[in-house]
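Asks: Have a look at this one before I ask anything.
The values are calculated or read from the model by the stated rules, or taken from the named source; none is laboratory data. All values derive from a computational prediction rather than experimental measurement. Virtual Cβ from ideal backbone geometry, glycine too; neighbours counted across all protein chains shown. Surface areas here come from the heavy atoms of the whole protein model, side chains and all, with no ligands, DNA or RNA. Shrake-Rupley method; radii C 1.70, N 1.55, O 1.52, S 1.80 Å.
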Amino acid sequence: MKNRLLWKLFSIIAVGTVIFFWLIDLVASHTEDSMSYIDQGYRAELRAYAKEAERILYEEGESALALWVKGIEEKENTWIAISRPSIENLADTQLSDAYIETFALGRSLEWKIHLYFKYNPTMDIPFEDGVTRFLIQLPQRMRPGKNLFIIDLLLQIALPFLILCLITFILYKHVMKPLKRLEKATRRFSEGDFNVRASEALTQRNDELTRLSTTFDKMADRISTLIIDQRQLLADLSHELRTPLTRLNIAVDCVEQDLQSQSALERLRYESSNMQGLIDDALTLAWFNTESPKLELHDLDITALLQVIVEDAQFEFAQHTVKLLQPDQEIIIKSAHQALTAALENIIRNGLFHTPVGKTVTISLHQESHFLVIKVKDQGCGVPEEYLEDIFKPFFRIKQNSQDNERVVSSKKSGYGLGLALAKRQIHALGGSIYAQNVTDKSENGLVVSIQLPYKSS
Ligand SMILES: Nc1ncnc2c1ncn2[C@@H]1O[C@H](COP(=O)(O)OP(=O)(O)O)[C@@H](O)[C@H]1O
Ligand SMILES: [Mg+2]
């Protein structure tokens, strides 16, 4: 779901708020309700008063009753009346029997008492005859809802506070906890722990925060590889520069001491141009690593380009045969001339370096469904299977075995191990891919480097 977190928060807040009001209303009305009745003990007391009044009236007479009433009124600080109401119907109207049966002057003991009324209600207890009524204003001590203020305080402040605490806690758990985890990961990453990742613990959530953590992880992956690669590149570069720098120093010494000055100067030129090449390549590699550049693509006739590169290579390696197998008609692809030429030249030169004099390097071009495949096949000794991927790493070179004559095939120097690393990045920047395989034919040795380039045939 796209906005899962939004819906989660919405449900927590919506459901939480509904429960919040429902619960408060339920508890409030239930509590008020249960507080609104006269306590059973008080009800019994009031009934006993009525019974006593009835007994005195019938056994001792009205004056005794009046005396007793006075005493109770003083004791309870209220008023009491013993009344026998008579109803006078006018204009020939009639009260219904049902009404007369339930008619009362005051409230029944079983009824609810209104808690917010200022005055105490008058309670009405009928005598045996059903007509005479014992009326008493409810004494203050019997009035229900004495703790109403405290209960209101609890219901209006404490309970909402508790429920809101609960909702906040749930929200916090859902939002803040993963954010905190992310914050911790970010802090550790900023402190240099490049292995730290955030999404593992959050994959099950599958919401915006999971996406945020996966993005963090992607960023962490990219930055850590970048930093590690740059560090490695810098270490390798300074290591590689050491030897030519030593040679430069020796040559400078020779010039200073006037020893073989001419050859020392040549050495100086050779080493400095060598170093320049190394630094140029290393900087280009660093640029590809950090920028992941998008190269500008133009229409390019790949058959013509291969023709030129092969002619140049043949000129440079006159003792080898450089063979080109490609369709006769031109094939136009969208590519960047400089990057593609540099990559192809590097690969073809590698093939020629590793191929014994007199043998052949074959470059072929053919078309597959959505791409063009360029293969550079040499007749060298190939690359041990376990290094087929490593040869594309910067500064990776396979140690030459002096016993293995097949390997020392060219008087020309091989480079610093940056050629294929650069070629790989150049081909990737063109949207293609590159890989190496050994020749599988038993009668032949050699390496085949294959490049796939995106191509839409018209
Ligand atoms: N055609 C090939 N045959 C055998 N080994 C190769 C071939 N191409 C590359 N390699 C190996 O891969 C390594 C890396 O190649 P590369 O990146 O071009 O570096 P460099 O040519 O500067 O040494 C080479 O040092 C070599 O050991
Ligand atoms: Mg090379």
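Asks: Straight-line reach from K180: which lysines have Cα under 16 Å away, leaving out those fewer than 8 places along the same chain?
Replies: none
Asks: Still on this structure, please answer the following. Treat each spin label as a single point 7 Å out from the Cα along the C-beta direction, and report the R84 to L162 distance in nm.
Replies: Taking the simple label geometry, R84 and L162 are separated by 5.6 nm.
Asks: Check the straight Cα-Cα distances from K8 and name the lysines below 18 Å, setting aside those fewer than 8 residues away within the same chain.
Replies: List returned: K173, K177.
Asks: Related question: Roughly what % antiparallel, to the nearest 5, for the DSSP beta bridges in the chain? Please report the intermediate quantities before stating the final value.
Replies: Details: 32 of 38 bridges.
Close to 85 percent.
Asks: Let me ask something else. Within segment 363-387, list the residues whose amide N lies under 12 Å from a label point set 7 Å along Cα→Cβ of R247.
Replies: Answer for this model: none.
Asks: Then there's this: Once label points are set 7 Å from the Cα along Cα→Cβ at both K294 and I228, what is their separation, rounded to one decimal in nm?
Replies: Going by the 7 Å Cα→Cβ label model, 2.8 nm.
Asks: Calculate the translational D of the chain in whole µm² s⁻¹ from Stokes-Einstein, where the hydrodynamic radius comes from the Kirkwood formula applied to all Cα pairs, the temperature is 20 °C and the viscosity 1.002 mPa s.
Replies: On the way: Rh = 32.8 Å.
D, rounded to a whole number, is 65 µm²/s.
Asks: Per-residue ellipticity at 222 nm for the chain, helices alone: DSSP H runs ≥ 4 residues times -39500 (n - 2.57), over residue total, nearest 500 deg cm²/dmol?
Replies: Details: 12 runs with 230 residues, N = 458.
After summing the helix terms and dividing by residue count, I get -17000 deg cm²/dmol.
Asks: Then there's this: Tell me, what is the Rg over Rh of segment 204-292, with Rh the Kirkwood radius over Cα pairs? It would help to have the intermediate numbers written out before the result.
Replies: Values: Rg = 22.2 Å, Rh = 16.3 Å.
Rg/Rh: 1.36.
Asks: Here's a follow-up. Which aspartates and glutamates, if any, have their Cα less than 12 Å from the Cα of K294, not counting same-chain residues under 8 positions apart?
Replies: Hits, sequence-local ones excluded: zero.
Asks: Whole-Hz Karplus ³J(HN,Hα) for segment 35-44, in order, using 6.51 cos²θ - 1.76 cosθ + 1.60 and θ = phi - 60°, x for Gly and Pro?
Replies: 8, 8, 9, 6, 3, 4, x, 5, 4, 4
Asks: What distance in nm separates the simple spin-label points at L26 and K2, each placed 7 Å from Cα in the Cβ direction?
Replies: 3.7
Asks: Right, something else. Among 136-144, 195-203, what's the highest-first ranking by average C-beta atoms within 10 angstrom per residue?
Replies: Answer by packing, highest mean first, reads 136-144, 195-203.
Asks: For D441 and H337, what is the calculated FRET efficiency with R₀ set at 25 Å and r taken between the beta-carbons, to the nearest 0.05?
Replies: 0.15
Asks: Could I ask something else about it? Which of the pairs K334/K375; K51/K112; K218/K377 have their Cα atoms more than 26 Å apart in this structure?
Replies: Numbers: K334/K375 19 Å; K51/K112 22 Å; K218/K377 37 Å.
From the list (K334/K375; K51/K112; K218/K377), the Cα-Cα distance tops 26 Å for K218/K377.
Asks: Over the chain, give the accessible area per residue in Å² for a 1.4 Å probe, as an integer. Show your work: numbers first, answer last.
Replies: Working: 28530 Å² over 458 residues.
It amounts to 62 Å² per residue over the chain.
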